[in-house]
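K.L.:
If you scroll down you'll find the structure; I have some questions about it.
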Amino acid sequence: MGKAAVIPFSFAMAFMLTAIPVPDWAVSWLPAWVALVLIYWCLATPGYVGVLTGWVLGLLLDVMHGSILGQHALGLSVVAYVTLIYHQRVRIFPLVQQSILIALLLFIYLAIMLAIYNTLGSIDYGYNYLFGALSSALLWPWLFVILRDLRRRAALV
């Protein structure tokens, strides 16, 4: 796989994982795949992936979910912005500490989504919607290793 295709390929895989149907009891525990991949690329290649990427991916997520246009764009832009501000600090942390920070960041993202959903009344989610931050944090070390290996094989920075 060429250099230019690695990042779009990983985002395409994240969108596919997001689109997988799950039973109703598991919806609360769904990892925020697109946000996780966005965080990784903001940490690994902050010159290539940033707030604009988060905004575009968020618009695509809005279209995919049929939600209010700009909702996920706002959340993913905030995620990308905070990640870019602290990327040099977070990169040196061990994976366990990174997972804790990822959980906090995704908790903020999911709280923004929950507030918009419940305020505008499109979907009435409970606070168990925020459990996705925990499952995402548990998946972070494996996702980090997979994407790092993919990045190194493609000889990206």
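The values are calculated or read from the model by the stated rules, or taken from the named source; none is laboratory data. This structure is a prediction, so every number in the text was calculated from the model and none was measured. All Cβ positions, glycine included, derive from the backbone under ideal geometry; neighbour counts span all protein chains shown. Surface areas here come from the heavy atoms of the whole protein model, side chains and all, with no ligands, DNA or RNA. Shrake-Rupley method; radii C 1.70, N 1.55, O 1.52, S 1.80 Å.
K.L.:
May I ask you to verify whether LEU76 is buried (at least 17 other Cβ atoms within 10 Å of the Cβ), in a helix (DSSP H, G or I) and either at positive phi or free of Cβ contacts under 8 Å to residues at least 40 places away in the same chain (or both)?
P.N.:
Here the answer is no, as LEU76 does not meet what is asked.
For (1) in contact (Cβ under 8 Å) with a residue 40 or more places away in the chain; (2) among the hydrophobic types (A, V, I, L, M, F, W, C), each residue gets a yes or a no:
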| residue | (1), (2) |
| --- | --- |
| ALA80 | yes, yes |
| TYR86 | no, no |
| PHE93 | no, yes |
| VAL96 | yes, yes |
| LEU106 | yes, yes |
| TYR109 | yes, no |
| LEU114 | no, yes |
| THR119 | no, no |
| PHE144 | yes, yes |
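K.L.:
Let me ask something else about it. Which residue is farthest from VAL90 (Cα to Cα), if the candidates are limited to the stretch 41-57 and must be β-branched (Val, Ile, Thr) and not in a helix (DSSP H, G or I)?
P.N.:
VAL49
K.L.:
Out of curiosity, is LEU38 open to solvent by less than 30 Å² (accessible area, probe 1.4 Å), in contact with a Gly (Cβ under 8 Å, 6 or more places away or on another chain) and in a helix (DSSP H, G or I)?
P.N.:
On the way: open to solvent by less than 30 Å² (accessible area, probe 1.4 Å): yes; in contact with a Gly (Cβ under 8 Å, 6 or more places away or on another chain): yes; in a helix (DSSP H, G or I): yes.
Yes: the conditions hold for LEU38.
K.L.:
Can you confirm whether the stretch 2-9 contains a residue that is in contact with a Phe, Trp or Tyr (Cβ under 9 Å, 6 or more places away or on another chain), closer than 19 Å to HIS87 by Cβ and buried (at least 16 other Cβ atoms within 10 Å of the Cβ)? Quick ask: steps written out before the conclusion?
P.N.:
Taking the stretch 2-9 and keeping what is in contact with a Phe, Trp or Tyr (Cβ under 9 Å, 6 or more places away or on another chain), we get 7.
Still in the list and also closer than 19 Å to HIS87 by Cβ: 7.
Now narrow it down to the ones that are buried (at least 16 other Cβ atoms within 10 Å of the Cβ): 7.
The answer is yes; a qualifying residue exists.
K.L.:
Condition first: at pLDDT below 95 and open to solvent by less than 70 Å² (accessible area, probe 1.4 Å). Now tell me which residues in the stretch 79-92 satisfy that.
P.N.:
Once the filter is applied, which keeps residues that are at pLDDT below 95 and open to solvent by less than 70 Å² (accessible area, probe 1.4 Å), the stretch 79-92 yields HIS87, VAL90.
K.L.:
Criterion first (modelled with pLDDT under 90 and on the phi > 0 side of the Ramachandran plot) does GLY132 satisfy it?
P.N.:
No.
K.L.:
Restricting to the stretch 99-117, name every residue that is at pLDDT 90 or above, open to solvent by 20 Å² or more (accessible area, probe 1.4 Å) and more than 14 Å from VAL78 (Cα to Cα).
P.N.:
Selection gives ILE100, LEU101, ALA103.
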